[in-house]
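Trainee: To start, I am sharing the structure in question, which I have written as structure tokens.
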Amino acid sequence: MSQESAREPRPETVRDIDPEIADALGEEKQRQRDTLAMIASENHVSEAVMEAQGSAFTNKYAEGYPGARYYAGCGPSDTVEELAIERAEELWGADHVNVQPHSGTQANMGVYTAVLEPGDKILSLELDHGGHLSHGHPANFTGKTYEVEQYEVDPDTGYIDYEGLRETAESFDPDIIVSGYSAYPREVEFERVQEAAEAVDAYHLADIAHITGLVAAGVHQSPVGVADFVTGSTHKTIRAGRGGIIMCDEEYADDIDAAVFPGAQGGPLMHNVAGKAVGFKEALQPGFEQYAKQVVENARALADHLDERGLEIVSGGTDTHLVLVDLRPSHPDTTGGEAEEALESIGLVLNANTVPGETRSPFNPSGIRAGTPALTTRGFGEAEMVRVANIIADVVDAPNDEDVLAAASDEVDELTDSHPLYE
Ligand SMILES: *Cc1c(COP(=O)(O)O)cnc(C)c1O
């Protein structure tokens, strides 16, 4: 055997080592190319963000914070985390940012454990009305650790019932009030939640997971400087890869940092922190504001045309990136699950969702939720959203009609082919 052939000819790829996973990686990329991603919490990050996430930082332990690590060799880690923090502070105008939470739920855990004791009281929005598991659901640690009471949206308007929130706050006397939601299409009035929190001497956590990008771009009002704590996701309306962040005033900085590490997590996922840094840099470029505006305009166009096609839009429209449809008035015999399945079969991926006043089970609820962040990343504008609305309405009207499904599938192919992704 010659020296030459004994040497590694090239680095081993996933395909060399693990063809099954290589196939799945390829299938996922192809699936994203060939389908319309309308799950409101999803987006497509840039190749640059993926490069940072798939980097050697996955090997590094960097417990602690920049300049104060528990391990040696953290020079490059400090660079990455400091840049991620600086950019986040600039994007959201926050005094202090922690970029280490592995997810939005971990970010919320950081806040709760920083300021609450087990048995303390959380007031949050009902899950069926658009809330999140990490706001006190019985299956989540929050529901098991804290006492939870919920507020609701007004059943007539679909808007948060701020009066009701305030009354519930007065009777329940919570330690923290949570605003910010998973399936709420309207602008959140953070000042009104803050007033209710101040009236009962509670903290206010604004969880802007879904709208971090909209807030950064100034197309949704900001809770920074209003609420005590702001948490967010970095992979929904901002394209910085999976993860969470926490923002707060300097007075809470040490408590929040200690609650994240060592309180809730071990070593930060430095490859994800690197992805966040790159995605935040992208969001600081001038084009991002235009992107965020288009996300909202696209959601409005979608809501308008679904409405024209006879579907019931919860709250009558949207101010954000998402549209919530209650199928019961127009299609009493079609569940959200059936609509989701029929739409997935033709390449449009959204999710069944509970709606205010839900009468079915959360596993097969009465609504569908559709978001525009990923399609807007692909370059869709309002003209394309009208076509998308027609696809959704056609399929929901006739989920078992093979001709309708074939035509809808062709339409999806045309839209995806003309808006390529990850070429
Ligand atoms: C998506 C979301 C989160 C975070 O979810 P993870 O999956 O844990 O990242 C937190 N709060 C709200 C309101 C959300 O919608």
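Trainee: When you scan the range 305-327, do you find a residue that is closer than 23 Å to Glu90 by Cα, touching a strand residue (DSSP E or B) at 6+ places or on another chain (Cβ under 7 Å) and more than 16 Å from the ligand (Cβ to nearest atom), even just one?
Mentor: no
Trainee: Ala292 passes all but one of (1) touching a Gly at 6+ places or on another chain (Cβ under 7 Å); (2) open to solvent by 20 Å² or more (accessible area, probe 1.4 Å); (3) aliphatic (A, V, I, L, M); which number fails?
Mentor: (2)
Trainee: When the range 122-162 is examined, which residues are found to be without any contact (Cβ under 8 Å) to a residue 60 or more places away in the chain, farther than 19 Å from Thr359 by Cα, more than 13 Å from the ligand (Cβ to nearest atom) and not β-branched (Val, Ile, Thr)?
Mentor: Pro138, Ala139, Gly143, Lys144, Tyr146, Glu147, Glu149, Asp161, Tyr162
Trainee: What pairs come up if the first residue lies in the range 411-423 and is hydrophobic (A, V, I, L, M, F, W, C), the second is open to solvent by 70 Å² or more (accessible area, probe 1.4 Å), and their beta carbons are under 7 Å apart, counting only those six or more places apart or on different chains?
Mentor: Pairs that qualify, where the first residue is hydrophobic (A, V, I, L, M, F, W, C) and the partner is open to solvent by 70 Å² or more (accessible area, probe 1.4 Å), are Leu415/Arg387.
Trainee: For the range 90-102, which positions are within 12 Å of the ligand (Cβ to nearest atom) and closer than 19 Å to Ser179 by Cβ?
Mentor: Correct list: Pro101 only.
Trainee: Of the residues that make up the range 245-254, is at least one within 12 Å of the ligand (Cβ to nearest atom) and either under 15 Å from Leu91 (Cα atoms) or in contact with a helix residue (DSSP H, G or I) (Cβ under 9 Å, 6 or more places away or on another chain) (or both)?
Mentor: Checked the range 245-254: at least one residue is within 12 Å of the ligand (Cβ to nearest atom) and either under 15 Å from Leu91 (Cα atoms) or in contact with a helix residue (DSSP H, G or I) (Cβ under 9 Å, 6 or more places away or on another chain) (or both).
Trainee: Test of understanding: among Gly73, Gly54, Gly93, Gly67, which residue is open to solvent by 50 Å² or more (accessible area, probe 1.4 Å), at pLDDT 95 or above, within 23 Å of the chain's Cα centre (by Cα) and more than 21 Å from Arg242 (Cα to Cα)?
Mentor: Gly93
Trainee: Further, regarding this structure: Looking only at the range 246-274, count how many residues are open to solvent by less than 20 Å² (accessible area, probe 1.4 Å) and within 26 Å of Gly225 (Cα to Cα). Talk me through it step by step, then tell me what you get.
Mentor: First, pick out the residues of the range 246-274 that are open to solvent by less than 20 Å² (accessible area, probe 1.4 Å): 246-248, 253, 256, 259-260, 265, 267-268, 270, 273-274.
Still in the list and also within 26 Å of Gly225 (Cα to Cα): 246-248, 253, 256, 259-260, 273.
Number of matching residues: 8.
Trainee: Could we say that Ala169 is crowded, with 17+ Cβ neighbours inside 10 Å and hydrophobic (A, V, I, L, M, F, W, C) here?
Mentor: Values: crowded, with 17+ Cβ neighbours inside 10 Å: yes; hydrophobic (A, V, I, L, M, F, W, C): yes.
So Ala169 fits the description; yes.
Trainee: Looking at this structure, is Asp413 of a type in the set (D, E, K, R), in contact with a Gly (Cβ under 9 Å, 6 or more places away or on another chain) and part of a helix (DSSP H, G or I)?
Mentor: Yes: the conditions hold for Asp413.
Trainee: Right, next: Identify the single condition in (1) modelled with pLDDT under 95; (2) assigned to a helix (DSSP H, G or I) that Pro362 does not satisfy, given that it satisfies every other one.
Mentor: Among (1) modelled with pLDDT under 95; (2) assigned to a helix (DSSP H, G or I), Pro362 violates only (2).
Trainee: What are the pairs, 6+ residues apart or on separate chains, where a residue within the range 225-241 that is under 19 Å from Ser46 (Cα atoms) and modelled with pLDDT under 95 has its Cβ under 9 Å from a residue that is within 12 Å of the ligand (Cβ to nearest atom) and open to solvent by 10 Å² or more (accessible area, probe 1.4 Å)?
Mentor: Every condition considered, no pair remains.
Trainee: Among the listed residues Pro185, Pro174, identify the single one that is open to solvent by less than 10 Å² (accessible area, probe 1.4 Å), in a loop (DSSP other than H, G, I, E, B) and more than 16 Å from the ligand (Cβ to nearest atom). So that I can check it myself, show each step before the final result.
Mentor: Working: Pro185 fails: more than 16 Å from the ligand (Cβ to nearest atom).
The unique qualifying residue is Pro174.
Trainee: For the range 251-340, please list each of the helices (runs of 4 or more DSSP H) lying entirely inside it that holds at least 2 residues being under 30 Å from Gly64 (Cα atoms).
Mentor: Because the criterion is at least 2 residues that are under 30 Å from Gly64 (Cα atoms), the helices (runs of 4 or more DSSP H) in the range 251-340 that meet it are 253-258, 270-283.
The values are calculated or read from the model by the stated rules, or taken from the named source; none is laboratory data. Everything quoted here is computed from the prediction, not taken from an experiment. Please note: Cβ atoms are built from the backbone with ideal geometry, for glycine as well, and neighbour counts cover all protein chains shown. Side chains are part of the model used for accessible areas, which takes the heavy atoms of the whole protein and leaves out ligands, DNA and RNA. Shrake-Rupley method; radii C 1.70, N 1.55, O 1.52, S 1.80 Å.
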